[in-house]
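Below: the structure, in structure tokens.
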Amino acid sequence: MRLPSLNALRAFEAVARLGSLTRAAAELHVTPSAVRHQIRALEEDLGRTLLRRSGNALVPTEAANGALGHLRRAFDALADANRSLRSPARAPVLRVSAVPSFISAWLIPRLDAFHARHPEVTVQVDTNPQLTDFAREGVDLAVRYGLGGYPGLFECRLFSERYFPVCAPRLLDGPEPLAEPADLARHTLLHDAVRPRVGWPVWRDWLDAAGVLERVDPDSGTHYTMSMFAYQAAVAGQGVALGTTVLAMDLLAAGYLVKPFELELPTAYGYHIVCPPERRERGHVAAFIDWLLEAAGAACTGMEE
């Protein structure tokens with residue numbers, strides 16, 4: 001169906017709303033005669049009278065009145081479309097969820113590199129230690145510390161881990177020097193989980209592997225609910241923490257912590273990138289996953305479950 005002139009429809013709507021050719025002309029920045037011409041042409045095109053005079057005002061006829069609501073909504077929609085086209089494109093927003101210790105120790109010091117590469121992406125970081133409900137929480141991807149195996153999700157192992165004691169440098173040559181693992185009996189052990197899960201890196205396993213479990217109480221010391229607090233206490237010289245590859249790497253590189261012993265043990269726990277398979281293909285999500293893998297020096301070998 002052929003549509004009437006848009007200018008004529010605008011003129012009709014303005015006159016019907018304002019009740020005057022003169023006021024409609026002022027709003028449309030044309031002359032009253034131009035508005036009159038547009039109304040007359042529209043009436044001829046439609047084959048019906050659209051306006052009638054009532055006193056000093058022009059009002060829509062009964063036939064025309066029913067169409068005005070539709071016409072005004074159409075003009076509102078056109079105005080919204082115009083604003084959308086004229087406004088800058090909305091930057092993509094990437095919402096990432098991860099455990100607080102990983103965000104603090106590894107992600108934040110490196111996030112500027114992602115921003116430099118993808119300045120168009122706005123990153124929102126959600127510090128959530130719990131498993132992510134992607135459908136309910138609106139999260140695009142998560143980095144989780146666990147054993148792996150997340151049914152229904154794209155999964156990629158970001159880091160495998162090893163664990164080992166770490167402490168402030170001054171403890172090595174302090175009043176009770178740490179020359180061998182048995183010397184830990186004279187130091188405070190720092191724990192990063194009050195109730196560790198099966199397979200979690202714990203002092204008991206490391207002391208047993210070092211051959212000093214009978215000489216050092218594996219449950220003594222200070223227990224924290226988050227790894228970041230155990231590391232903070234270790235940096236402050238308050239004891240010896242059980243460090244892991246990812247969380248300790250920057251503190252070791254900066255010299256805030258040292259490894260008093262060489263023995264390292266592997267753990268089944270590691271960091272995993274997880275997200276709904278359909279979100280993996282979104283441009284900004286794929287870019288962040290690629291950057292994570294590059295920054296970690298990892299290759300994505302995980303498969304969609």
Name the long-range amide H neighbours of Gly243: under 5 Å, sequence gap of 5 or more, or other chain; modelled H, no Pro or chain starts. Phe164, Val166
Dipole size in debye (nearest 20) for the stretch 215-305 around its Cα centre, Lys and Arg Cβ +1, Asp and Glu Cβ -1? 220 debye
When the dipole is taken about the Cα centre of the chain, and only Lys, Arg (+1) and Asp, Glu (-1) are charged at their Cβ, what size is it in debye, to the nearest 20? 2340 debye
Non-local residues with an amide H under 5 Å from the amide H of Arg215, with H modelled 1.01 Å from N and Pro and chain starts lacking one, are none
Short version: ³J(HN,Hα) in whole Hz for each residue of the stretch 247-260, in order, from phi by Karplus 6.51 cos²θ - 1.76 cosθ + 1.60 (θ = phi - 60°), x for Gly and Pro, what are they? 6, 8, 4, 6, 5, 5, 5, 7, x, 6, 10, 9, 9, x
Rounded to two decimals, the Rg over Rh value of the stretch 6-86 from Cα coordinates and the Kirkwood Rh reads 0.98
Could you grab the relative contact order for the chain? Cα pairs under 8 Å, six or more apart, rounded to a whole percent. 22 percent
Magnitude of the charge dipole, the stretch 116-248, Cβ model with Lys/Arg +1 and Asp/Glu -1, debye to 20: 100 debye
Leu51 long-range amide H proximity, modeled H, under 5 Å: Thr61
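Values quoted throughout were computed directly from the atomic coordinates according to the rules given, and no laboratory measurement underlies them. Just so it is clear, the model here is predicted, and its values are computed rather than measured. Glycine gets a Cβ as well: all are built from the backbone with ideal geometry, and neighbour counts include every protein chain shown.
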